[in-house]
Amino acid sequence: MPDPMARPLIPGGTPHLEASAPNPSNPVIGILGTGDFSRSLAKRLLAAGYQVVVGSRTPKRFVALFPEEAEVTTQMEAASQADVVFVAVYPEHHPTLVAVKPALAGKTLVDVSNGLRPSAFGPSNAELLADHFPESAVVKGFNTVSAWTLQRGPRDGNRQVFLCSDSQKAKNSVKQICHRMGFVPVDMGLLSASLEIENMPLRLFPSWRVPIVCSAALFAFFYLYNFARDVLHPYVTANKSAFYKMPIDTVNLSLPSAALVMLALVYLPGLCAAVLQLRRGTKYRRFPGWLDRWLTARKQFGLCSFLCAALHAVYSLSLPMRKSARYKLINMAYKQVQSRVEDSWVDEEVWRMELYLSAGIAALGLLSLLAVTSLPSVAGAINWREFSFVQSSLGYCALAAATAHTLLYGWSRAFDPSQYRFYLPPTFVPTLLLPAAALLGRLALLAPCAAARLARIRRGWEAGRHVRFAPAADDGMEDVSNV
């Protein structure tokens, strides 16, 4: 059956995926269906040493598409020979299998089907299959694995296979098959969880929606803010056209603002969680739902921040290549000559620019390190202490460097009344609100009184719980604490 995650299969199969000799002592695995997924599944099962029999309504038509080690026969014969049967046909064709119902009685059926769109209401395809075959044990699984992953191997795709069934025995047998094929089974419980499993491959980046929407909204806000100050204001007040700034200048001013605020949103939920734990005096109470969701989305917020920062760096490097920049430079040089100014060097501006660029480069470098460390392949190669050091300690260093970069860019303009166009402060002022709150909150939690109490709470101490120990006969210490 077609898979929504499937890619075109490689002609002739893959050279590294060779079928091993099937062991007669292994159970016979049946596959009902002859689509791309069925062919890839047959190759992977054969490579794992299983005997494979494929059931088709027209076996002679499809026998050449399967490996020689796989037996392609009728659906009835395949269902009769197999101990575990993968049902790899379209869900709407499940009723056509009723003819082989007697042969499937008492056997394990693995439903690998998916719907066309996510569904919030049941029944699921697996539950409908269980209704058609009440005497069989239906297991939902392998629907999140693409035909491409089956053919290339689990190293090139997600190793997890989500399983659910009302029969623990049937589920255990499918778990063994998963392990031998190189996948990691994830037990999702009873068959009632099958709707959730079927919706998994149909959702488009579910954990990225809020961070992407948030970053897009922040960019739009700062873009409109800069447009009003730098483009609309001179046009309204002096009839001066500055609309040429919209494609490059305005975008380049908006990207770092969005990046810095998004980076602050990575660390603010951790501070909120710490404050809640300090206030409650325990770590054993659940956080509010909004904070839970915010905490789990920190990685996505950070990567969106890195994207905005990287684009800002590219836009900044392209600034001197613009015609408008060249014209401005020529005009400034001409005015300097006309004014007979031999040296326009200003120490304050030179130092400001040097420090501003240095802080920006440091911030981008640290942010790049955070982004690389968040990759699963890199995170899996370091221990938890190293990961925490990079993501927390170096993360706050990145936030501090980016904040310093923004402060140096703004310099003293926040105190210049002429910078308040349409009564709006310079862009760096609203940009710094959340980063400053995050940094000040971090400093507050580093105070000895707060840090010591938070460390005790995270080691299991609870406010109002008095703990004392008394000797015991078995291990010398007995917890007789009372709440």
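Brief remarks on what is shown
- Residues satisfying the stated conditions in the range 183-192, i.e. closer than 28 Å to ALA48 by Cα and of a type outside the set (Phe, Trp, Tyr): VAL184, PRO185, VAL186, ASP187, MET188, GLY189, LEU190, LEU191
- Taken over the range 287-331, the criterion of being over 23 Å from ALA398 (Cβ atoms), small (Gly, Ala, Ser) and in contact (Cβ under 8 Å) with a residue 40 or more places away in the chain is satisfied by SER318, SER324.
- Residues that are closer than 21 Å to PRO118 by Cα and touching a helix residue (DSSP H, G or I) at 6+ places or on another chain (Cβ under 8 Å), drawn from the range 212-223: ILE212
- Failed item, numbered, when PRO234 is tested on (1) farther than 30 Å from TRP461 by Cα; (2) in contact (Cβ under 8 Å) with a residue 40 or more places away in the chain: (2)
- Flag if SER113 is crowded, with 24+ Cβ neighbours inside 10 Å, in contact (Cβ under 8 Å) with a residue 24 or more places away in the chain, over 22 Å from PRO67 (Cβ atoms) and of a type in the set (Gly, Ala, Ser): yes
- Some residue of the range 128-143 being out of contact with any Cys (no Cβ under 9 Å at 6 or more places or on another chain) and at pLDDT below 90: no
- Figure legend. Inter-residue proximity from the range 443-458: first residues more than 15 Å from ARG279 (Cβ to Cβ), second residues surrounded by 14 or more Cβ atoms within 10 Å (Cβ to Cβ), beta-carbon distance below 7 Å, spacing 6+ or different chains. Indicated pairs: ALA451/LEU445.
- PHE222 meets all of the listed conditions (1) of a type in the set (Phe, Trp, Tyr); (2) over 23 Å from LEU439 (Cα atoms); (3) within 30 Å of the chain's Cα centre (by Cα) but one, namely (2).
- Residues of the range 448-463 satisfying the condition of being of a type in the set (A, V, I, L, M, F, W, C) and assigned to a helix (DSSP H, G or I): CYS449, ALA450, ALA451, ALA452, LEU454, ALA455, ILE457
The values are calculated or read from the model by the stated rules, or taken from the named source; none is laboratory data. Note that the coordinates shown come from a computational prediction; the quantities given were computed from them, not determined experimentally. Every residue, glycine among them, receives a Cβ derived from its backbone with ideal geometry; neighbour counts consider all protein chains shown.
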